[in-house]
Amino acid sequence: MKVVLQRVQRASVTISQKRVAQIKNGALLLVGFGQNDDEQTVDYLARKISKSRIFSDQNGKINLAINDVQGQILSVSQFTLYADTAKGNRPSFVDALNPQQAQELYELFNEKLRASGCDVQTGVFGADMQVELVNDGPLTIIYER
């Protein structure tokens, strides 16, 4: 499982010119699943991300978690995180989990984030989405398991 987290001032997802999700202060998560991912992987990364201290405290020190700042999460599925670019010019996605299993894990991941108290908005799994964001910092962290 790979998650690219970007701390944002705001972010949104649009599909066919219709905004389907948007957040203000918080984190945009680009989420991809690989062949060896399972519920334990999802549980670990949901817990890790919900507790990550990536927001500034009153002294400007990065010391607060998303729930400490009443931040929101925008979670977007992105199988292309598993692109293999080692050979040729066309990426291979054979390491990405099949869509049915990936969707199940994606939904479970978002449920676990919500269970930890996070306000989670989502894109639409498998859709052609346009993602807009204003990166805050910029602060971008890659989580892998």
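The values are calculated or read from the model by the stated rules, or taken from the named source; none is laboratory data. All values reported here derive from a predicted model rather than from experimental measurement. Don't worry about glycine lacking a Cβ; one is built from the backbone with ideal geometry, like all the others, and counts go over all protein chains shown. Please note that ligands, DNA and RNA were not included when accessible areas were found on the heavy atoms of the full protein model with its side chains. Shrake-Rupley method; radii C 1.70, N 1.55, O 1.52, S 1.80 Å.
Overview of results
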item	result
Nearest-ten-degree value, helix 39-51 long axis tilted from longest Cα axis of the chain	30
Whole-number accessible area per residue in Å² for the stretch 46-137, which is evaluated in the context of all protein chains at 1.4 Å	61
Span from the the stretch 97-114 Cα centroid across to the the stretch 20-42 one, whole angstrom	8
Computed over the chain: relative contact order in percent, which uses C-alpha pairs under 8 Å that are six or more apart	38
Förster radius 30 Å - calculated FRET efficiency between residue 127 and residue 68 (Cβ-Cβ, nearest 0.05)	0.40
Portion, in percent, of the accessible area of the chain that falls on carbon or sulfur, probe 1.4 Å	44
Partners for residue 61 among aspartates and glutamates (Cα-Cα distance below 15 Å; same-chain residues under 8 apart left out)	136
Helix 99-115 vs. the chain, principal-axis angle (Cα, 0 to 90°, nearest 10)	10
Helix-only mean residue ellipticity at 222 nm for the chain, each DSSP H run of n ≥ 4 adding -39500 (n - 2.57), per residue, nearest 500	-7000 deg cm²/dmol
Where 2, 24 fall by accessible area, highest first, once all protein chains stay in place (1.4 Å)	24, 2
Kirkwood-type radius of the stretch 33-119, with distances r between different C-alpha atoms, in Å	14.7
Ellipsoid equivalent to the chain - semi-axes via the Cα gyration tensor, in Å	25, 17, 15
